[in-house]
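Student: Mind having a look at this structure? Questions to follow.
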Amino acid sequence: MNRASSGVILVLLAGMGIGATYLAHHTSAPRIAAEQRLIDSRNLLDLLPAQSYDNQPLEQPLAVTNIPLANSTLLGGYMATRAGQPSAVLLRSQTLGYEGKIELMIAIDANGKLLGVKTLKQSETPGLGGKIADWPNAWLQVFIGKSRHDPGDTGWALKKDQGQFDQVAGATITSRAVISAIHDALRYFDEHRQPLIGSSAHD
Amino acid sequence: MTKSSTLQNSLMLAPLIGATTSWAAALGLWLMFIVVISAYGVGMWALRSRLVPTARLLASILLAATLTSCVQMAAQAWSLQWHQPVALYAGLIALQCVVLEYNGFFQSPRLDRVRLCAAFGALMLGLGLLRELLGKSGLHLATLVPGGFILLGLLIATRQAWARSKPSH
C-alpha cells in the first residue's frame, strides 16, 4: 500500500470506467434511439385509430410547411395510408393561445371529417386553458366527426360567439384559438384535397 | 442524529419525493439503487485495502459514476418509458454511494446494511403506492411535489406517534 500503486490502480480504474461506459453507450444507443422514436410516434399518432393505417405516417410527410391560414399556421403534415390508399391526413397546426403558442395535431380522414385533435405543445394557465393538454381529452373529442361544412361557418365558434361549441371553463381565449385552428385545418384540407391526397370528395 | 447521517438522509429525500409519483417509478429507482450499491460495495471491498486514504475518494467517485452510468444506460435500453420519469434522480445514486462510503455504511454489519436498503425500498414503494392511489382517486395534490412532502410528513408523524405509544404497553 503506497502512493505509486494507488496511482496505478486509480489510472486503471479510470480507464476501465471510461471503457465500460463507452461500451455500454455504444451497445445501447441504437436501441434507445429506436425506442425513443417509437415513443415519439406513439405520442404523435395515438389520435388515429390503430387499425386505420398501416404505414409509418411520420416518414411520409406532405408538402405542407409554414402555410399561414386565417387564424393559425400549418407547420407540417403527414399522410396515413391503409393498403396503399390514403386514410387520413395529419396536420400540425400552430396558433396563439392566451399565454403563448399552442401546437395541435389535427387528423382528418379522406372524406374531410375530423378524426381527432391532440395538443402537442402549450403554455396555457394550468388548471384552466392548460386542460387542453390532457389526453384523452373530453373537450377535444366533441369535434370528432365534424367537417368544414358541418357545422357551417357560423357554427364553428363558441356558444358565447353564437357558435355551437362549449368552451373550456375559464379559458375563452384558449378555446377560441383551438376551435379556429381546427376550422382552419379542415378548410385547408377541403380546399387542397386534390394535391394532398390525390382524390376529390367521396361524398 | 450525527451530521453525516443528516446529509445522507437529506440526499435520499430528493429521489424519495421526486421518483415516487408512481409505484413503478419508485420500484425502478430502488432496483437501480440496489444494483449500483451492491456492485459498488463489491468493487470497493476489493479496492479499499489497496489504496492510500487520499486515493480512496477518487476511486469511490470513479466507481460510483461508472456503475451509475452503466446501470442508467442498461435501464434505458431495457425500457425507456419506465426510465424516463426517474432519469433525473438516477444520477443521484452515484452521490449517494460516495456519501455512504464516508458514512461507514460499508463497514457496518451486513444485517444493518440490508435493513437500511430494505427500509429505503419499503418507504419508496409505500410512498409511491400511496401517491398513485390518492392521485387516481382524485386527489391531484398527492402526485405533486408538495403533496409528496405532506404525505412523507404524515408518515413520519404516524411512525413517531406509534413509537411513542409503544413503550407504555
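Student: Once you wrap a convex hull around the alpha carbon atoms of the range A:1-45, what is its projected area averaged over all directions, in nm²?
Tutor: 3.9
Student: With labels modelled as points extended 7 Å from the Cα through the Cβ direction, what inter-label distance (nm, one decimal) is found for A:GLN194 paired with A:TRP135?
Tutor: 3.5
Student: Between the helical axis of A:3-45 and the dominant principal axis of chain A, each derived from Cα atoms, what acute angle in degrees is found, rounded to the nearest 10?
Tutor: Value to nearest ten degrees: 20.
Student: Still on this structure: So what is the orientation-averaged projected area of the protein assembly as shown, using the convex hull of its C-alpha atoms, in nm²? Walk me through the numbers on the way to the answer.
Tutor: Values: hull surface 102.1 nm².
Projected area, direction-averaged: 25.5 nm².
Student: Please list 3J(HN,Hα) in residue order for the range A:53-70, calculated via the Karplus relation 6.51 cos²θ - 1.76 cosθ + 1.60 where θ = phi - 60°; whole Hz, with x for glycine and proline.
Tutor: So the Karplus estimates, Gly and Pro as x, are 8, 9, 10, 9, x, 5, 8, 10, x, 9, 6, 10, 9, 6, 9, x, 10, 3 Hz.
Student: Here's a follow-up. Which entries of A:LYS121/A:LYS160; A:LYS101/A:LYS131; A:LYS131/B:LYS136 show an alpha-carbon separation above 19 angstrom in the structure shown?
Tutor: Over 19 Å apart, Cα to Cα: A:LYS121/A:LYS160.
Student: Specify whether the C-alpha gyration tensor of the range B:3-165 places it in the rounded, prolate or oblate class, a ≥ b ≥ c being the square roots of the eigenvalues: rounded for a/c under 1.5, otherwise prolate if a/b is larger than b/c and oblate if not.
Tutor: oblate
Student: For the range B:18-141, what does the relative contact order come out to in percent, with C-alpha contacts under 8 Å and a separation of six or more?
Tutor: Reported as a whole number, the value is 45 percent.
Student: May I pose another question? ³J(HN,Hα) across the range A:71-80 via Karplus (A = 6.51, B = -1.76, C = 1.60, θ = phi - 60°), whole Hz, x for Gly/Pro?
Tutor: 10, 7, 10, 8, 8, x, x, 9, 10, 9
Student: Quick one: if you stick a label point 7 Å off each Cα along the C-beta vector at A:ALA29 and A:ALA70, how many nm between them?
Tutor: Simple spin-label model gives 5.0 nm for this pair.
Student: Just want to confirm a number: the relative contact order over chain A, from Cα pairs under 8 angstrom separated by 6+ residues, in percent. Can you show the working numbers first?
Tutor: Details: 314 pairs, mean separation 30.2, N = 203.
Averaging sequence separation for qualifying contacts and normalising by length gives 15 percent for chain A.
Student: May I pose another question? So if I average 1/r over every pair of distinct C-alpha atoms in the range A:99-195 and take the inverse, what Kirkwood radius in Å does that give?
Tutor: About 13.5 Å, per the Kirkwood formula over Cα pairs.
Any read-out appearing in this document is the output of simple, stated calculations on the displayed coordinates, not a laboratory observation. All values reported here derive from a predicted model rather than from experimental measurement. A quick note on method: Cβ atoms are made from the backbone with ideal geometry, for glycine too, and the neighbour counts reach across all protein chains shown.
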